[in-house]
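**Q** Quick one: this structure, given as structure tokens, is what I'll be asking you about.
The values are calculated or read from the model by the stated rules, or taken from the named source; none is laboratory data. What you see is a predicted model; the values in this text were computed from it and never measured. Here the Cβ positions follow ideal geometry from the backbone for every residue, glycine too, while neighbour counts run over all protein chains shown.
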Amino acid sequence: MPELPEVETVVRGLRPHLEGAVITRVVQRRANLRFPFPEDFCARIEGRTVTHVGRRAKFMLMTLDNGTIVIGHLGMSGRMLILTDNPPPPGPHDHVDFVTGAGTIIRYCDPRRFGLFDLSTQATLGEHRMLRDLGPEPLGNEFNVESLSAALTGRRTPIKAALLDQKTVAGLGNIYICEALYRAAISPRRAARTIPGKRAERLTTAIRAVLGEAIEAGGSSLRNYVQTSGELGYFQHRWNVYGREGEPCPKDSCAGRVQRITQSGRSTFFCATHQR
């Protein structure tokens, strides 16, 4: 599933083509994805000007000039592609087209149909069922040592599971949690309640650094993820532990090897020698 850096990369790719543009036509080719489309989905968007394209956690947010907000999620295999000159005809997995006054098509393709689109408003967005319980944005000012320490205090669950909980911090997923824990030299099996303090300082710094570097690299391309231009992301070439089971620990002074265990139904990659 695309994680925060991939969604942020998509959002940044969409902005130049959507912000200030009028959505002249919306083509919806099926009644549902993960959930049914809202009633009158196309009619409520057509003719409106896009004032902002943003992100909350792993959700894309397209704000329209009447205060309507289009919420999008890429699911497991979703892609947003920008098509300009001579766009190809839609394929069997191309479910939605957003067409601008300039003739640009923003096409949503999703073979597995685990993505979603919904509508909200600026006034009610914070209470939307998908967004209301999310924790702070890891790249925002609200995410810091104090907020992370408070969220982890007293929790006996492993830190890996605590970070996967979107109420702790929004947008983190399996890949970047593994990478951040490695950089912070924290075992994914360590109880979350032992993190507040110096470990939380290392972890907040590592989370921000990993996410920032991943965004600069265009995210990590696994399976179906590509940028809006159709290019792959490249951060997977800079992973220290994720997907590297059995390989030597990248830290020069460490003689350990990368291990894989299962936590919360997900594969966790780490070096037990380096991470304590």
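**Q** Could you list, in sequence order, all residues of the range 143-183 that are of a type in the set (Gly, Ala, Ser), part of a loop (DSSP other than H, G, I, E, B) and either in contact (Cβ under 8 Å) with a residue 40 or more places away in the chain or crowded, with 23+ Cβ neighbours inside 10 Å (or both)?
**A** 170, 171, 173 - these are the residues of the range 143-183 that are of a type in the set (Gly, Ala, Ser), part of a loop (DSSP other than H, G, I, E, B) and either in contact (Cβ under 8 Å) with a residue 40 or more places away in the chain or crowded, with 23+ Cβ neighbours inside 10 Å (or both).
**Q** In the range 134-156, is there at least one residue being on the phi > 0 side of the Ramachandran plot and in the same structural domain as residue 10 (by TED's automatic domain parsing)?
**A** no
**Q** Among strands (runs of 3 or more DSSP E) lying entirely in the range 1-95, which contain 1 or more residues that are free of Cβ contacts under 8 Å to residues at least 60 places away in the same chain?
**A** Ranges flagged: 50-56, 59-64, 68-73, 79-83.
**Q** Determine which single condition residue 104 fails, assuming it passes every other condition in (1) assigned by TED's automatic domain parsing to the domain that holds residue 45; (2) surrounded by 20 or more Cβ atoms within 10 Å (Cβ to Cβ); (3) not aliphatic (A, V, I, L, M).
**A** Residue 104 satisfies all of (1) assigned by TED's automatic domain parsing to the domain that holds residue 45; (2) surrounded by 20 or more Cβ atoms within 10 Å (Cβ to Cβ); (3) not aliphatic (A, V, I, L, M) except (2).
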